[in-house]
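What follows is one structure encoded as structure tokens, with my remarks underneath.
The values are calculated or read from the model by the stated rules, or taken from the named source; none is laboratory data. Everything numeric in this text was worked out from a predicted model, so none of it was measured. Note: ideal-geometry Cβ built from the backbone for every residue, glycine included; neighbour counts use all protein chains shown. Just the protein is used for accessible areas: all its heavy atoms, side chains included, with ligands, DNA and RNA removed. Shrake-Rupley method; radii C 1.70, N 1.55, O 1.52, S 1.80 Å.
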Amino acid sequence: MSDETVITVRGLRNAFGEQVVHESLDLDLYRGEILGVVGGSGTGKSVLMRSIIGLQQPEEGEIEILGQNVAEANESEYLDLRRRWGVLFQNGALFSTLTVAENVQVPLREFYKDLDEELLDEIASYKIVMSGLPVEAAPKFPSELSGGMRKRAGIARALALDPPLLFLDEPTAGLDPIGAAAFDQLILDLKESLDLTVFLITHDLDTLYAICDRVAVLADKKVIADGTIDELLATDHPWIQEYFDGPRARAALHAKERN
Amino acid sequence: MEGQADFTERETNGETVLHFTGRLTVARIGDLDDRLTDMAIRPAKADISEVERVDTVGAWILHKLKRDYGTKIVGASNNAERLIDQVASADEIVQVRPDEGSAFSRTLARIGAGTMEGFGSLRGLLAFFGGLCIAIGNVFANPRRFRFNAVVQRFETVGVSSLGIIGLMSFLIGIVIAQQGAVQLRQFGAEVFTINLVGRITMRELGVLMTAIMVAGRSGSAFAAQLGSMKLAEEVDAMRTIGVPPMESLVLPRVLATTLLMPLLGFYAALVMIMGGGLLCWVSLGIPPDTFIQRIREVVPMTDLYVGLIKAPVFGFIIGLTGCFQGMQVEGNNEEVGLKTTAAVVQAIFLVIVLDAFFAVFFSSIGWV
């Protein structure tokens, strides 16, 4: 982890009609870290991610990604930026009419039209194996896969262009504990081997303890605290105390200590 | 392009060494892979000390050199070395495309699958009809289970809210029939028979048939889409678990609504068609409305009305049944909802037209001509 920021958010404001989701929200993501973003339901974790990746136009505020101000970027700069991040949506968001291998090849085909078929197939193959999918999964369609496999396929697609930055929206939601732990390990392995910076939205305390370098807490329309879990515990915000000092959090901490 | 990946061959100490330059990344790789694959020599070493950046695609290409030619990679940074190890451990034989046989066997398989699907669908529809009959029996045996409110609600969506569009369509069709008929009949000096044409064809055939097509497109498809998405969201399963039979609560009100409303809508459509025809007769043939109505009463026998009214509920039943049946067939993903909705409309219109042909033969043979 270094002091170099990959994402800088300043004074972000998001609102849907009357309902304000974010108000003067600040956030930093440093190179090489896994940042866990937590918050109660409806605090706008997904909205934050969507505004960073440009799916949601913020009302106010500056967002800078990899040194590029998103609002000021022109079409080609934005496209260039876009190939430098990968996104895993909550349910994988795989294209249902394409096989897993074809899903992985979509970004490659879109951006690098001159890659030949053979190399594309090879790239899809090793990405699929790297994402921990069995080799039989490659020619299958998303509807034939289990939830956990769909998420792995989603990661394979997100990593298709070798992006330095990865966004994950609740990657372990809906997985069984063993599957979730394996997925945590996968994220950690990929981060180590591919030198990724990861923005991770989660509710899973085990994930927070196991792989996150830093945690940002969303409440009251902004990031009320960020830091390691120990640092967060030192603050006296009631929500943070309840979140990280509740029975589930203690169980997760025990689990971590046992490992 | 700046930083394009490239290599040069050099002889050093009797060994071939490949010197790579540029960036070995997916963006700058170009045709490097092809050139390396087509290479005649087996390089002993690959020097990548001048390479600016390596990503997994570059690492993969280096890994292939190592694997296929036994080339030693030298001058790799820690990062590059780690990536090469990573992709090497992910190198497995992966079947990328689904199995496909020859064109011949694929065609045969497609014909076979189509046939099976056609018969399967017919069988399923019959089974669904059976299930609906049981549900109707249950409701008769236990009238308190009849969902009156649900039926009335369907009356509104199937009937009242479609009056506008069906009226407009019918009016225009009435005008078209009268206009086309008048043009043809004028050649024999028999323009006055335009009234017979309009009156009989609308009451007997077109009123009900066009309404059936409109209802199939409007309500049959809506049924399939509604039930399909409810099925996907596990709402139907939740109903079953709670003890609410979906046949009684979802299917029966819908089928009942189309069955009961089709005669009304069909009759309404026929009347509006006659009005449209009457307007054209008045404007272009100079037949005043009162004469037109008088003639209509003389030339349209009562049996024509019966023909229409007997067919209509049968068509309505078919439309409701296929719509609900296809909706309940949805499984797996969202794409299915679209497919089944299309299937519901196509199947309903097809069955309606086939039955219409049977009815035409039947009514002619019993002397209702």
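Any residue that is in a strand (DSSP E or B) and under 30 Å from A:Q185 (Cβ atoms) - is there at least one of those in the range A:46-59? Before you say what the answer is, go through the steps one by one.
Taking the range A:46-59 and keeping what is in a strand (DSSP E or B), we get none.
Looking through the range A:46-59, none of the residues is in a strand (DSSP E or B) and under 30 Å from A:Q185 (Cβ atoms).
Note on the range B:142-159: residues that are open to solvent by 100 Å² or more (accessible area, probe 1.4 Å) and either in contact (Cβ under 8 Å) with a residue 40 or more places away in the chain or not in a helix (DSSP H, G or I) (or both) total 1. Residues that are among the aliphatic types (A, V, I, L, M) and assigned to a strand (DSSP E or B) within the range B:32-49 comprise just one, B:A46.
Looking at the range B:97-115, which of its residues are surrounded by 10 or more Cβ atoms within 10 Å (Cβ to Cβ) and farther than 30 Å from B:V57 by Cβ? Of everything in the range B:97-115, those that are surrounded by 10 or more Cβ atoms within 10 Å (Cβ to Cβ) and farther than 30 Å from B:V57 by Cβ turn out to be B:G101, B:S105, B:R106, B:T107, B:L108, B:A109, B:R110, B:I111, B:G112, B:A113, B:G114, B:T115.
When B:E11 is tested against (1) modelled with pLDDT under 85; (2) within 14 Å of another protein chain (Cβ to nearest Cβ); (3) surrounded by fewer than 13 Cβ atoms within 10 Å (Cβ to Cβ); (4) not in a loop (DSSP other than H, G, I, E, B), exactly one condition is not met: (2). Entry remark, the range A:72-84: residues being surrounded by 13 or more Cβ atoms within 10 Å (Cβ to Cβ) and away from every other protein chain (no Cβ under 12 Å) number 5 in total.
What are the residues in the range B:322-341 that are more than 15 Å from B:Q226 (Cβ to Cβ) and either away from chain A (no Cβ under 14 Å) or in a loop (DSSP other than H, G, I, E, B) (or both), if any?
First, the residues of the range B:322-341 that are more than 15 Å from B:Q226 (Cβ to Cβ): B:331-333, B:335, B:339.
Listed by number, the residues that qualify are B:E331, B:G332, B:N333.
Within the range A:109-121, being open to solvent by less than 40 Å² (accessible area, probe 1.4 Å) and more than 7 Å from chain B (Cβ to nearest Cβ) holds for A:L115, A:L120.
In this structure, does A:L66 turn out to be more than 14 Å from every other protein chain (Cβ to nearest Cβ), modelled with pLDDT of 85 or more and open to solvent by 20 Å² or more (accessible area, probe 1.4 Å)? Here the answer is yes, as A:L66 does meet what is asked.
Conditions tested, residue by residue: (1) open to solvent by 30 Å² or more (accessible area, probe 1.4 Å); (2) within 13 Å of another protein chain (Cβ to nearest Cβ); (3) not in a loop (DSSP other than H, G, I, E, B).
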| site | (1), (2), (3) |
| --- | --- |
| B:T16 | no, no, yes |
| B:A27 | yes, yes, no |
| B:G30 | no, yes, no |
| B:K66 | yes, no, yes |
| B:I73 | yes, no, yes |
| B:A88 | yes, yes, yes |
| B:Q95 | yes, yes, no |
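Assessment of the range A:125-133 against the conditions (surrounded by fewer than 21 Cβ atoms within 10 Å (Cβ to Cβ), within 19 Å of B:V96 (Cα to Cα) and touching a residue at least 24 places away in the same chain (Cβ under 8 Å)) yields at least one matching residue.
Looking at the range A:23-38, can you tell me whether even one residue there is at pLDDT below 85 and within 28 Å of A:W239 (Cα to Cα)? No, the conditions are met nowhere in the range A:23-38. None of A:V87, A:V106 is more than 12 Å from chain B (Cβ to nearest Cβ), open to solvent by 20 Å² or more (accessible area, probe 1.4 Å), of a type outside the set (D, E) and part of a strand (DSSP E or B) except A:V87. Residue check: is A:L200 buried (at least 23 other Cβ atoms within 10 Å of the Cβ), more than 14 Å from chain B (Cβ to nearest Cβ) and either under 23 Å from A:R84 (Cα atoms) or more than 13 Å from the chain's Cα centre (by Cα) (or both)? Yes.
Looking for whichever is open to solvent by 10 Å² or more (accessible area, probe 1.4 Å) and on the phi > 0 side of the Ramachandran plot here; the options are B:G217, B:G189. Which one fits?
Values: B:G217 fails: on the phi > 0 side of the Ramachandran plot.
None of the other options fit; the residue is B:G189.
When we screen A:A124, A:A138 for residues that are facing chain B (nearest Cβ under 7 Å) and within 22 Å of the chain's Cα centre (by Cα), the only hit is A:A124.
Among the residues here, A:I155 qualifies as among the hydrophobic types (A, V, I, L, M, F, W, C), out of contact with any Cys (no Cβ under 6 Å at 6 or more places or on another chain) and either in a strand (DSSP E or B) or in contact (Cβ under 8 Å) with a residue 40 or more places away in the chain (or both).
Would you mind stating whether B:E52 is in a helix (DSSP H, G or I) and either away from chain A (no Cβ under 14 Å) or of a type in the set (S, T, N, Q) (or both)?
Details: in a helix (DSSP H, G or I): no; either away from chain A (no Cβ under 14 Å) or of a type in the set (S, T, N, Q) (or both): yes.
Considered against the rule, which asks whether it is in a helix (DSSP H, G or I) and either away from chain A (no Cβ under 14 Å) or of a type in the set (S, T, N, Q) (or both), B:E52 comes out as no.
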